[in-house]
1. Could you give every pair whose Cβ atoms fall below 7 Å, whose first residue belongs to region 32-56 and is closer than 25 Å to Ala78 by Cα, and whose second residue is part of a loop (DSSP other than H, G, I, E, B) and small (Gly, Ala, Ser), counting only separations of at least 6 or pairs across chains?
2. Out of the residues in region 22-41 that are closer than 19 Å to Glu66 by Cβ and part of a helix (DSSP H, G or I), which is farthest from the chain's Cα centre (by Cα)?
3. Quick one: would you say Leu19 is without any contact (Cβ under 8 Å) to a residue 24 or more places away in the chain and in a helix (DSSP H, G or I)?
Amino acid sequence: MILKNKIEEYSEAEFTEFLNEFFENPRQLKGDALGAHINRLTDYFESLIDHPDKSGLIFYPAEGVEDSPAGVISVLKAWLAANGKPGFRQD
């Protein structure tokens, strides 16, 4: 996966693939390797988005929000639109 510089450079499908790294561990990493990978991805996620909850969107979803990539994207899209910020690239 190629990490991009701005959220608007991602399609929704690409960002879902990125978020799957948190939810599904597709690389089958374990122990320290998994922890280091998640820490790097978390730092990247927090640098990419302006949402005030930062990585809490992933690790501590609000009550009623699906604990999944789709839930994170739903909250993020609503927040971006409400704050006049660019959203995901349209394919």
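1. From region 32-56, the pairs are Thr42/Ser55; Phe45/Ser55; Glu46/Ser55.
2. Phe23
3. Details: without any contact (Cβ under 8 Å) to a residue 24 or more places away in the chain: no; in a helix (DSSP H, G or I): yes.
No.
Quick note: the coordinates plus some simple rules give every number you see, no bench work behind them. These numbers come from a predicted model, not from an experiment. As a convention, Cβ positions derive from the backbone with ideal geometry for all residues, glycine included, and neighbour counts pool all protein chains shown.
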